[in-house]
Structure formats: C-alpha cells, structure tokens
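Okay, so here's the structure we're looking at.
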Amino acid sequence: MPKIIEESDTDIELREPPLYRVLLHNDDYTTMEFVVEILMKIFHKSRDEAEAIMWDVHEKGKGVCGVYIYEIAQTKVEQVKVLARQNSFPLLATIEVDE
C-alpha cells in the first residue's frame, strides 16, 4: 500500500474557545437553601462550596457559579431558569465573558 503524504500551504492556528462566567443574582424571594440546592444540582458543587457561593450572592449581590465555554454556560443558565420557575422563585442566572 502506498504511503500518502499530504502537504498544506495553510497554517492552522488552534485557539482555546473563550470562557464565560455563570453568575447567580440576589433577589428578595429566592431562599438561601434553594440557591444551595441549585449550586449542588446544576453546578456540581459540594455543600461547603455551594454555601460559600450562596453567601457571595446574598452579601455581594451576585456570585460566580463556574466558568465554561459559551454553550455549556448558556445551558446552565437555562437549567437554573427552569428549576427556579418550577419552584416559583425569580432567581436570575446570567453569563459574562471571563477576562
């Protein structure tokens, strides 16, 4: 069998995809326990990690849940939205570019 060698005149530059932070925002209605549950269920945080993030949300107005590629970040935001609405909470999750 002949050996085939392909040559290319084009240099291909591979770059890492941009990353995005998923944030939870504080509100006056969502319970702290529900925020902890969301962080454990959707973001796979331990109870200690989830509670630390929940306190950031509560005290600073928002907290970072994780850093992901865009598609995964968007999926996580949608999962938060669905679970929050199913439980009658106005919890807001957003994404922003991780710089």
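Among the residues making up region 68-84, those that are in a helix (DSSP H, G or I) and among the aliphatic types (A, V, I, L, M) are 72, 73, 77, 80, 82, 83, 84. The combined condition, being without any contact (Cβ under 8 Å) to a residue 24 or more places away in the chain, among the hydroxyl-bearing types (Ser, Thr, Tyr) and not in a loop (DSSP other than H, G, I, E, B), is not fulfilled by residue 94. Hey, residue 39 hits all of (1) surrounded by 19 or more Cβ atoms within 10 Å (Cβ to Cβ); (2) touching a Lys or Arg at 6+ places or on another chain (Cβ under 9 Å); (3) assigned to a strand (DSSP E or B); (4) not polar (S, T, N, Q) but one; which does it fall short on? Result: residue 39 passes all but (3). Residue-level analysis places residue 77 outside the set of residues that are in contact with a Gly (Cβ under 6 Å, 6 or more places away or on another chain), modelled with pLDDT of 95 or more, among the hydrophobic types (A, V, I, L, M, F, W, C) and within 25 Å of residue 99 (Cα to Cα).
The values are calculated or read from the model by the stated rules, or taken from the named source; none is laboratory data. Here the structure is a predicted model, which means the values were calculated and not measured. Neighbour counts are summed over all protein chains in view; Cβ atoms, including those assigned to glycine, are modelled from backbone coordinates with ideal geometry.
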